[in-house]
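All remarks here apply to the structure that follows.
Just so it is clear, none of the values below were taken in a lab; they were calculated from the coordinates. If you're wondering where the values come from, they're calculated on a predicted model, not measured in any experiment. Cβ coordinates were reconstructed from backbone atoms using ideal geometry, including for glycine residues, and neighbour counts include every protein chain displayed.
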Amino acid sequence: MAKIKTTTKYVCTECGAISPGWMGRCPSCGKFGTITEEIEVPAETVKTKRADYQKPIRLSEVRQEKLTRIKSGIEELDVVLGGGIVPSSLVLIGGDPGIGKSTLMTQVAGSLSTRLKVLYASAEESQAQVKMRCDRLGIKGDDLMIMNETCLDNVIDEAEGYDVLIVDSIQAVYLNDLNGSSGSVGQVKECASRLMRFAKSSKTTVFIVGHVTKEGAIAGPKVLEHIMDTVLYFEGQPEDNYKLLRAVKNRFGSAQEVGVFEMRENGIFGVKDYNGIFVSEERGQEAGSVVTPSVSGNRCMPVEIQTLLCKTVFGMPRRMPLGIDYNRTAFLLAVLEKRAYMPFFTQDVYVTAMGGIKLSEPASDLAVAIALASSHKNIAVEKTTCVFGEIGLTGEVRGVMQADKRVAECIRLGFKKVVMPARNLPQVEKYKGKIEIIPVKHVYQAIKILFDNVQNPQ
Ligand SMILES: Nc1ncnc2c1ncn2[C@@H]1O[C@H](COP(=O)(O)OP(=O)(O)O)[C@@H](O)[C@H]1O
Ligand SMILES: [Mg+2]
C-alpha cells in the first residue's frame with residue numbers, strides 16, 4: 001500500500017495535546033517528559049459530501065431498539081458493565097502491566113466461546129503462550145479462536161462475522177497505512193477509532209486491553225477514553241491479591257460501579273463477601289481509625305480509614321494520603337485547625353483507605369476528619385461505630401446521597417452506632433431502634449460527642 005505523506009508534530013503521550021515543538025513539560029496536563037515526536041498523518045484531503053446521510057426525524061418516530069445484554073460469565077464484570085455486555089459496544093480494560101487484564105479477558109473469552117463466536121487477538125503473546133494460560137485457568141475453550149497478530153488490518157479482516165473480538169493490547173497493534181511505531185499516540189488513537197467503526201458496523205463487541213504507562217514511553221489509554229463506550233480500570237497494589245475493577249465511563253450504566261476481584265493461581269475471581277477486605281478486625285484498639293460506609297454505584301462497602309500523626313522533623317510538615325485525594329486531605333486539615341481548634345502544623349500526617357481502594361466521594365470527609373481527630377486526641381473510636389458525611393469550609397456537616405443505603409448496610413454488618421449528617425435524618429427514621437443514630441450539624445459537634453468524657457483506653 002502506498003505511504004501517506006506526513007509531517008512531524010509533538011504530542012503528549014498522556015493527554016494527547018499537541019505542542020509546536022519539544023518541551024520538557026506538557027503545557028496541557030502538566031506531566032514531565034511525556035512529549036514525543038510523532039508523524040502526523042493528514043486527514044483525507046478531499047472530503048466528499050455523503051449522499052446517503054440520515055435525515056432528521058421526530059423523536060417519537062425513532063424506532064427503539066431493545067438493549068439486550070449478554071452475561072459475560074463473570075458476575076463481578078457484569079456488575080461493573082452495568083448488567084452485562086452490550087452487543088456492538090467498545091470496551092476498554094486499562095491497568096498497570098501484570099495486574100490481570102489478560103487473565104480476565106481470557107476467562108471472559110473462555111466463558112463466552114461456549115455460546116458465541118469469540119476471537120482472541122493477542123499481539124503480545126504467541127498462541128502457545130495463550131494456550132498455556134488457558135490451561136492454567138482451566139479453560140477448555142474448544143470453540144475459542146486464538147490469533148497472534150500485530151497488524152490490526154488483518155485482525156479486523158479476520159474478525160468479520162464474530163460476535164466478540166478481544167484485542168490484547170492496543171499498544172502492541174499497528175495499522176499498515178500509518179507511519180509511527182505501534183504504541184505511539186497516532187497509532188493508538190487511529191487503531192481505536194478503526195475498531196470503533198468496526199464494532200458499530202459489524203455488530204461485534206470489541207474489548208480492548210490497554211496498558212497504563214507511568215513513563216509515557218507509549219501512549220496510555222487516557223488518549224482514547226472519549227472514543228470508548230465503556231472504560232474500566234484495574235486498581236490495586238501489585239503485591240496485593242485483591243484488585244478492583246472500576247468503571248470510569250459507561251454509556252450503558254453507572255460510571256461508579258466497582259467490582260472486587262481476587263487473583264489466584266488458577267485465575268481471577270469475583271469476591272462476593274468484600275466486607276473483611278477494607279476493614280481490619282483489630283480496629284478500635286488503637287487511636288486513629290474509623291469505618292465509613294462508602295457507596296460506589298449500586299454498592300455500599302465499609303472502608304476503614306487509618307491515620308497516623310508524627311512530629312515533623314524538618315520544617316515542612318508532610319501530608320501523605322493514600323487512596324484519598326491530597327487536596328481533600330489538606331482541606332480537611334485546614335477545617336479541623338480553624339473550626340475544631342486542632343492544630344496539625346507541627347505534625348506529619350499519614351492517611352490511608354485500607355485495602356488499596358480509592359475514596360473519591362465527599363461523603364467520606366467526616367470519617368477522615370474523625371480519624372484525624374482520634375489520632376490527635378489519642379483516643380480510639382469504638383469498633384462498632386461508623387461515620388459518614390460531607391464537610392464544608394465552615395465546618396458544617398452536609399447531607400449526602402444514599403444515606404438510607406449506608407445506614408442499612410451498617411445495620412446489616414452489626415455496627416451499633418452511626419454518626420451522620422442531621423440533614424439526612426428523615427431518610428433514616430425507619431431504622432431507629434436498630435442502630436443508635438447520632439445526627440450532627442458541625443464537625444466540632446461530632447468530635448465533642450465522640451471524644452469528650454471518653455477515657456483514653458491505652
Ligand atoms: N503460572 C502462574 N501462576 C500464578 N500466577 C501467575 C502465573 N503466571 C502469571 N501469573 C500472574 O498473573 C498475573 C496477571 O497477569 P496478566 O493477566 O498477564 O496481566 P496483564 O495482562 O494485566 O499484564 C500476574 O501478576 C502474574 O503474576
Ligand atoms: Mg497482558
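With angles folded into 0 to 90 degrees, how steeply does helix 185-202 sit against the dominant principal axis of the chain? Use alpha carbons for both and round to 10.
80 degrees
Full-extension gain between K140 and S201, please, as 0.36 nm times their residue separation minus the C-alpha to C-alpha distance.
18.9 nm
Cβ neighbours within 10 Å, averaged per peptide: list 178-189, 262-273 in order, most packed at the top.
Highest to lowest by the protection proxy: 178-189, 262-273.
Would you mind checking the tilt of helix 365-377 against the longest principal axis of the Cα atoms of the chain, expressed as 0 to 90 degrees and rounded to 10?
With rounding to tens, the tilt is 50 degrees.
Any idea what the dipole of the chain comes to, in debye rounded to 20, about its Cα centre with Lys/Arg Cβ at +1 and Asp/Glu Cβ at -1?
Here the chain has a charge dipole of around 1460 debye.
At a Förster distance of 45 Å, what's the computed FRET efficiency of K448 paired with N148, Cβ-Cβ distance as r, to 0.05?
0.10
Every cysteine in the chain with no other Cys Cβ under 4.7 Å from its Cβ, please list them in numeric order.
So, C134, C151, C191, C300, C310, C386, C410.
Taking only Cα atoms, what is the 0 to 90° angle, nearest 10, from helix 101-112's long axis to the longest principal axis of the chain?
Approximately 70 degrees, to the nearest ten.
Cα-Cα over 32 Å: which of K71/K417; K117/K189; K377/K416?
K71/K417
For the pair F314 and K71, what calculated FRET efficiency results from E = 1/(1 + (r/R0)^6), where r is the Cβ-Cβ distance and R0 = 41 Å, to the nearest 0.05?
0.15
In region 87-146, which trypsin sites (Lys or Arg not before Pro) are in a loop and have at most 16 other Cβ atoms within 10 Å, using DSSP for the loop call?
Answer in residue order: R115, K117, K140.
If each of V212 and Q64 carries a label point 7 Å out from its Cα toward its Cβ, how far apart are those two points in nm?
3.8 nm
Note down the nm distance, to one decimal, between modelled labels 7 Å out along Cα→Cβ at E382 and at E239.
It is 3.6 nm.
With a ≥ b ≥ c taken as the square roots of the eigenvalues of the C-alpha gyration tensor of the chain, please select rounded if a/c is under 1.5 and otherwise prolate if a/b is larger than b/c or oblate if it is not?
Since a/c reaches 1.5 and a/b is larger than b/c, the shape of the chain is classed as prolate.
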